[in-house]
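Inspection log for the structure reproduced underneath, given as structure tokens.
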Amino acid sequence: DRVIHQDPAAGTMMARGAAITLYVSSGAPQVAVPDVKGFTAADAQKMLANAKFKTKLQPKFDATVPKDTVIEVKPAGGSNAAQGSVVTLIVSQGKQPVRVPQLVGSTVDAARAQLEKLGLKLNVDQQVANDLIPSGTIISQQQAGGASTDPGSTVGVTVSTGPVLVSVPDVTSKSPADATAALQAAGFTARIQYIVDATNASGNVAGQDPAPNATAPRR
């Protein structure tokens with residue numbers, strides 16, 4: 001709607017009432033928008049640039065459309081728009097990431113149920129003995145709590161098998177001092193209980209609990 005030329009030119013002498021022809025812009029040429037739906041964002045931008053359009057990318061999570069693929073074109077492909085105008089491309093970012101929960105300290109069963117609700121899987125990568133953490137409790141996890149991961153992915157964890165079980169040495173018939181030393185060397189703490197036993201005048205150990213050669217956690 002702006003005058004781009006006139007005839008006669010400005011400054012020309014004319015009779016009063018003579019006609020002056022004005023040439024008015026109708027704006028940029030209207031051309032068809034290429035239909036780039038389903039193209040990669042990079043290819044779509046090239047095609048639109050060749051058609052003299054500018055582009056704007058608008059990301060959107062979509063579980064059904066591959067990442068970096070154009071989901072929608074605005075204005076729609078096939079419609080007319082002015083050359084040099086902006087065409088918006090709605091581009092898939094793939095599946096929306098899931099935030100990994102904090103699993104350390106949870107039991108394996110509780111952690112698996114929590115992950116299943118989020119569409120994730122649990123895998124026990126390693127099991128290690130730990131004197132302080134109960135058996136079946138998660139000690140560490142591969143993806144830290146709060147990290148983002150793809151839906152359907154697996155979260156690896158390390159699980160405690162509980163305290164190390166060792167063989168209890170046989171200290172029967174030993175003196176209390178020798179029995180205590182033997183138990184301490186094996187990683188145990190001795191607790192002495194005195195009883196009256198007329199058949200054992202030596203004062204040596206008459207019995208023990210746990211029994212000799214049984215397995216028990218060190219303590």
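Could you tell me which of the residues Phe61, Phe39 is surrounded by 15 or more Cβ atoms within 10 Å (Cβ to Cβ) and free of Cβ contacts under 8 Å to residues at least 60 places away in the same chain?
The unique qualifying residue is Phe39.
Pairs please, first residue from region 154-178 and free of Cβ contacts under 8 Å to residues at least 40 places away in the same chain, second anywhere and part of a helix (DSSP H, G or I) and of a type outside the set (Ser, Thr, Tyr), Cβ atoms under 7 Å, 6+ apart in sequence or on different chains.
Lys174/Ala182
List, please: which pairs have Cβ atoms under 9 Å, are six or more places apart or on different chains, and start with a residue in region 183-201 that is under 22 Å from Val166 (Cβ atoms) and end with one that is loosely packed, with under 10 Cβ neighbours inside 10 Å and hydroxyl-bearing (Ser, Thr, Tyr)?
Leu183/Thr189
Based on what the data block shows, is Val91 over 15 Å from the mean Cα position of the chain (by Cα), open to solvent by less than 50 Å² (accessible area, probe 1.4 Å) and of a type in the set (A, V, I, L, M)?
yes
Return the total of residues in region 1-36 being open to solvent by less than 70 Å² (accessible area, probe 1.4 Å), among the aliphatic types (A, V, I, L, M) and more than 20 Å from Ala81 (Cα to Cα).
Selection size over region 1-36: 2.
The values are calculated or read from the model by the stated rules, or taken from the named source; none is laboratory data. For clarity, every value in this text was computed on a predicted model and none was experimentally measured. As a convention, Cβ positions derive from the backbone with ideal geometry for all residues, glycine included, and neighbour counts pool all protein chains shown. Please note that ligands, DNA and RNA were not included when accessible areas were found on the heavy atoms of the full protein model with its side chains. Shrake-Rupley method; radii C 1.70, N 1.55, O 1.52, S 1.80 Å.
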